[in-house]
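Rule-based calculations on the coordinates, nothing more; no lab input. On a predicted model such as this, the values are computed, not experimentally measured, just so you know. With ideal geometry, Cβ positions are generated from the backbone for all residues, glycine too; neighbour counts draw on all protein chains shown.
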Amino acid sequence: MKKRSRLKHGFGLVRHYGWKKDLLAVAAAFLCCFLLSHLSDLMSGARGVGVFDLSAAVMPFFGFILGIWGILGFLLYNTVSFISFAVGSPDLTLGLPVWYYILSIFSLVLYCALPSILWYMFPLKGEEEASYPRLDTSSHVIKYYLISVITIIAYLLFSTISSGFRIKLGQLALLMATWFTQYLDTVLIVGIPMLILWSVIRNRTITINERMVLAFLITGALASAIAGYLIYRNSLQLAPDLFHDYEKVLRGEAGVVWSDDGMNAVERYDTFWNSFSVVIAVMLNVLLAVEVLFMRSIEKKVTRPIVHLSEVLTDYADQEEDGFNPDEVREQCMPYRYGYGEVSDLTRTCVDMVGEIDTYTKNLQTVTAEKERIGAELDIASRIQNDMLPGIFPPFPDRTEINLYASMTPAKEVGGDFYDFYFVDENHLALTIADVSGKGVPAALFMVISKTLLQNQTLAGGSPREVLTLVNHQLCQSNTSMMFCTVWLGILDVTTGKLVAANAGHEYPVLRRCGGSFEMMHEKHDPPLGLKDGLRFHEYELQLAPGDCLFEYTDGVTEATDASEALFGEERLEEALNVSGENDPEKLINSLYGSISEFVKDAPQFDDITMLCVKYLGKAEESGETKQARISVPADLAHLDEVMAFTEQQLESAGCGPDDQFTITVAVEEIFVNIANYAYDGKEGNADILFSFNEENRMVKMVFTDSGFPFDPTSRPRPRLTSTPGNRPVGGLGIHIVKKTMDKVKYDYLAGKNTLTIEKHI
Amino acid sequence: MTIQQTKDGETLTMAIEGRIDTLTAPELKTQIEGAIDGVMDLILDFSKVDYISSAGLRSLMTAQNWMDARDGSMVIRNASKNIQGIFKVTGLDSFLVLE
């Protein structure tokens, strides 16, 4: 796998950056060779003998960095320079055999490609695959150094072989040593900065190691320059005309010039350059070795611990949820606790931090567990409390006299509101709604006591007044925390519809008479239970008629608050109940709950919302499947058409025949016109009409309600039909028709309202 | 409610169509009042009246009074069974002439 990957990339040589960049690489290599080669010429004077071609030393660099494109650029330069050199000469091959050129080109390519091949072929220990050539660690510096040495030796050997051993062995060894030193100098002093520069360009970062290598190289270069100067001065002392003589020899103006120490000018010149390059090589190698040792120490003591520490902490952070053991972190960190000051400080801090996190986590777990336990217990408490409230609807499926529904929505887990209903005996239904002061667990506990006492006393057979008086006494016995409880308690005789009720500081009940609208009953209040012992409570009676509907609630309804702190209030409650038009207690409560939610919107619920609604249906024979519809219009003749359309529509849907429809519509018109003309005496007011149809006995019942002056049209004397039309009184005719054509006409004045009920069998 | 009037000498025939209720009854009264000058025989054709309430009855009684005052006659023709029922219930059948 690794091998294939290396081969696939041609040991880092075969790269394609896009044609523009590839061409640029070729051009860069070409230009670089050109510049370096001219720099070498400048340094060595007219002919490069002492200093060899610098460009040769950076050849590996091109293969290393630019891949085949660098090699191509280098070959291109060599070809161009060779041709320009050979153009002046008569023989283009300079008298050398062709294979020599082929071999030398091959050796150049090999020389360029070898470093890259070696770099990718031998990944370092711990490396999955050799990384992109870079001197970011001391190991990479060593690798680069070794590769350079191998490459130079290989190249020199190959050149020697290709030159066919035309030099004597002793000379060859010396030459090789000289060349090796010079190549190595160049590879280090030019190659390394180029490599680092390239790395900076490529990665946009520079590692500590790269900085250090550069620093040591610059130091080396400075030291070499000083050393070089000293050697130069020494040489001049020995032979003041060294360079002058040497140039003369080169130009053929002089023969062999001997200097004082017995060397000739050429030898002296070579010795000068050789010693110079040896000094540089020694300096650079020593400094590089120092750098590598220093960096290895830094890496061992600083870099690697930090990297490892970071890995350990990352693992810790990742695995913390699964309970990563902090001891493991401590163990992994142990080797670094006694390293360099900063690293050991950091390690200790990390270990301490992990320990603290662990303690904190354990604390948090304890607290969370505790919280969960309390939450679970509150849940159970809430369930117990919920179970205490009758929750199966309809609660008395076999009792046709009543239709009952109730709901409680607690604000917190457990609340202080409750409702209750149960039959005291065959015919007496007890209804309770109550609200305990405060919220949460204390309220819930007090609620349980209150509810139990109320039920026990009621079942024992007391009237509401007696029950409240007794329960108040019992609650006051041990109520040091001064909690209290508002209660509305009513006992309904389902056979007669008589309701006896008492109110201990609770909200006013809302009553809807059959066919009427909901209105708050402002009955007399007694104080709440639990505050003062020995209080006497009062009760009142209310006669419920079939179809009447009683709605009870707690202050959670009227004091539901919207975001702007406005209260839902009693008026909105009445309005919402009337607008809803629902006739079924369950639907009515759900509809009201909807209205409250709509009003409150996103504001939090502060108090329990509890509602109880009972509809009295009366004795079984009167009940039956009924259809109901309502209309409420201003009592004005302009709305007559509306009323008539409503009536016709209802009658049609009830399957009423044309004759009955005729008489009923006439009756409706007469009654409505009567209300419109007289009820409000010219002032504005509404007329409500409730239409109901009992499918069983095919009875149409219509109830007309207005809040005008009390007036009973049925009590008017019968119009004197025997008189001649001229003497006839204007009014009275309409109601006469109604009375004559309807089966039953009944007038009531209830809760400030005129109620006229007509019934007709169809 | 629409009324079609046909005058033939002293006989006026008014064919009424639609509902005679509280809202339309005054219109009926006005139309009769405006048309009975010189009329001795008023014929009200109820074949297309499908509804009448007490307000309509009052208009009819007023018209009857007018005709009685000038010794003329008023006849209601083709009243439906239901409308006849109303006349009967109110006792108007004893004053009005129904044909």
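Of the GluC sites (Glu not before Pro) in segment A:397-451, which ones lie in a loop per DSSP and count no more than 12 other C-beta atoms within 10 Å?
Taking segment A:397-451 and a limit of 12 other Cβ atoms within 10 Å, the loop GluC sites (Glu not before Pro) found are A:E426.
Please compute the contact order of segment A:383-442 in relative form: average sequence separation of alpha-carbon pairs under 8 Å and at least six residues apart, divided by the residue count, as a percent.
It rounds to 28 percent for segment A:383-442.
What is the sum of charges around A:R211, taking Lys and Arg as +1, Asp and Glu as -1, for the other residues whose C-beta is under 14 Å from the C-beta of A:R211?
-3
What residue among A:A679, A:I189, A:I762 has its Cα farthest toward the positive end of the dipole of the protein assembly as shown, where the charges are +1 on Lys, Arg and -1 on Asp, Glu, each on the Cβ?
Of the options given, the answer is A:I189.
Fewest Cβ neighbours within 10 Å first, please rank B:K48, A:K683 accordingly. Working shown, then result.
Details: B:K48 14, A:K683 9.
In increasing order of surrounding Cβ atoms, one gets A:K683, B:K48.
Of the peptides A:384-396, A:208-220, how do they stack up when ordered by the mean number of other Cβ atoms within 10 Å, highest first?
Descending mean neighbour count gives A:208-220, A:384-396.
Of A:S310, A:S148, how do they rank once you tally other Cβ atoms within 10 Å and put the fewest first? Working shown, then result.
Values: A:S310 11, A:S148 23.
Placing the least packed residue first, the sequence is A:S310, A:S148.
For a quick check: sort B:I3, A:I402 by the number of other beta carbons within 10 angstrom, fewest at the front.
Final ranking by Cβ density, sparse to dense: B:I3, A:I402.
For A:K248, list the lysines whose Cα falls under 29 Å from its own Cα; do not include residues on the same chain fewer than 8 positions away.
A:K248 reaches A:K168.
Measure nothing fancy, just the Cα-based angle from helix B:81-90's long axis to the longest principal axis of chain B, in degrees from 0 to 90, nearest 10.
90 degrees
At 0.36 nm per residue, minus the direct Cα-Cα distance, what do A:F34 and A:I161 gain on full extension? Give it in nm, one decimal, please.
Taking A:F34 through A:I161 to full extension adds about 43.0 nm, to one decimal.
Can you pull out the trypsin sites (Lys or Arg not before Pro) in segment A:123-200 that DSSP calls coil and that have at most 12 other Cβ atoms within 10 Å?
In loop regions of segment A:123-200 (DSSP not H, G, I, E or B), the sparsely surrounded trypsin sites (Lys or Arg not before Pro) are A:K125, A:R166, A:K168.
Positive end of the dipole of segment A:478-624, charges at C-beta (+1 Lys, Arg; -1 Asp, Glu), about the Cα centre: which of A:V487, A:G581, A:F606 has its Cα farthest in that direction?
A:V487
Over the whole of B:76-84, what's the average partner chain Cβ count within 10 Å per residue? Rounded to a whole number, please.
Details: counts 0, 0, 0, 0, 3, 3, 7, 2, 0.
Mean shielding count: 2.
Pairs of alpha-carbon atoms within less than 8 angstrom and 6+ residues apart define the contacts here; what relative contact order does chain B have, in percent?
That works out to 27 percent.
Would you kindly give the portion of the calculated P(r) for chain A that falls above 38 Å, as a percent of all Cα pairs? Show your work: numbers first, answer last.
Numbers: 190440 of 289941 pairs.
The share of Cα pairs beyond 38 Å in chain A comes to 66 percent.
If each DSSP helix of 4+ residues adds -39,500 (n - 2.57) and the sum is divided by the residues in chain A, what number results at 222 nm, nearest 500 deg cm²/dmol?
-17500 deg cm²/dmol
Please give the helix B:25-35 orientation as an angle from the longest Cα principal axis of chain B, in degrees from 0 to 90, rounded to the nearest 10.
Tilt relative to chain B: about 10 degrees.
Just want to confirm a number: the relative contact order over chain A, from Cα pairs under 8 angstrom separated by 6+ residues, in percent.
Value for chain A: 7 percent.
Helices from chain A with mean Kyte-Doolittle at least 1.0 and a Cα length along the axis of 27 Å or more, per DSSP H: which?
What comes out of the filter, once short or polar helices are dropped, is A:19-44, A:98-121, A:138-163, A:265-298.
Report the charge-dipole magnitude of the protein assembly as shown in Debye, nearest 20, computed about the Cα centre from +1 at each Lys and Arg Cβ and -1 at each Asp and Glu Cβ.
4640 debye
Which order do the peptides A:562-569, A:23-30 come out in when sorted by mean C-beta neighbours inside 10 angstrom, highest first? Display every interim value, and only then the final one.
On the way: A:562-569: 12.6, A:23-30: 18.9.
Descending packing order for the listed peptides: A:23-30, A:562-569.
When all alpha-carbon pairs of segment A:312-360 are counted, what percent fall beyond 19 Å?
20 percent
Need one value for A:657-667: mean number of C-beta atoms belonging to other chains within 10 Å of its residues' C-beta atoms. Don't jump to the answer; show the numbers that get you there.
Values: counts 0, 4, 4, 1, 2, 9, 4, 0, 4, 11, 1.
So the per-residue partner count for this stretch is 4.
Near A:K300, which lysines are there with a Cα under 25 Å away, not counting those fewer than 8 places off in the same chain?
Counting by Cα, and skipping residues close in sequence, A:K300 has these lysines nearby: A:K125, A:K143.
Just to be sure I follow the rule: in chain B, considering lysines 8 or more places apart or on different chains, how many pairs have Cα atoms under 20 Å apart? Kindly include the intermediate steps, with their values, before the conclusion.
Details: B:K7/B:K29; B:K7/B:K48; B:K29/B:K48; B:K48/B:K81; B:K48/B:K88.
Counting lysine pairs in chain B gives 5.
Using Stokes-Einstein with the Kirkwood hydrodynamic radius over Cα pairs, what translational diffusion coefficient do you get for segment B:2-98 at 37 °C and a viscosity of 0.692 mPa s, in µm²/s rounded to a whole number?
250 µm²/s
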